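The values are calculated or read from the model by the stated rules, or taken from the named source; none is laboratory data. Bear in mind the structure is a predicted one, so any value in this text is a computation, not a measurement. All Cβ positions, even for glycine, are placed from backbone atoms using ideal geometry, and neighbour counts span all protein chains on display.
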Amino acid sequence: MSLIKRVVLDVLKPLHPNALEFASAIADQNDACRVKITVTEVDEKTETTVVVVESDDIPYEQIVATISGLGGSVHSIDEVVVTSSPTVEA
């Protein structure tokens, strides 16, 4: 099984919650998770953002569900870093 270490997402989000609240909600999905949001475009109701998530094992589906729950939409995965997990010997 592989582990997702870093993912860069193109996300369209509403103006509210703001980027700080949005990043905090995503980070809360995982202990020791780092989230960076860069706003690249703003209009009357939305912001286009680049969301970078880094961790030892990113729960991708939970991250996407959180983004959707906050009114956001993942447009694309722009970068991903995945490693193989160590095998466990019995």
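Scanning the stretch 71-83 turns up one or more residues that are outside any strand (DSSP E or B), crowded, with 17+ Cβ neighbours inside 10 Å and modelled with pLDDT of 95 or more.
Are any of the residues in the stretch 58-69 among the acidic types (Asp, Glu) and without any contact (Cβ under 8 Å) to a residue 24 or more places away in the chain? Within the stretch 58-69, one or more residues are among the acidic types (Asp, Glu) and without any contact (Cβ under 8 Å) to a residue 24 or more places away in the chain. Of the numbered criteria (1) modelled with pLDDT of 95 or more; (2) assigned to a loop (DSSP other than H, G, I, E, B); (3) surrounded by 15 or more Cβ atoms within 10 Å (Cβ to Cβ), the one Asp10 fails is (2).
One line per residue, one yes/no per condition, for (1) within 12 Å of the chain's Cα centre (by Cα); (2) under 14 Å from Pro14 (Cβ atoms):
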| position | (1), (2) |
| --- | --- |
| Lys36 | yes, no |
| Glu44 | no, yes |
| Val50 | yes, no |
| Pro59 | yes, no |
| Gly69 | no, yes |
| Ser84 | no, no |
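Restricted to the stretch 27-62, and to residues there that are in a strand (DSSP E or B) and in contact with a Ser or Thr (Cβ under 6 Å, 6 or more places away or on another chain), the residue that is surrounded by the most Cβ atoms within 10 Å (Cβ to Cβ) is Ile37.
For Leu20, the criteria (1) in a loop (DSSP other than H, G, I, E, B); (2) among the aliphatic types (A, V, I, L, M); (3) at pLDDT 95 or above hold in every case but one, which is (1).
Leu3 passes every criterion in (1) outside any loop (DSSP other than H, G, I, E, B); (2) within 11 Å of the chain's Cα centre (by Cα); (3) surrounded by 13 or more Cβ atoms within 10 Å (Cβ to Cβ) apart from (2).
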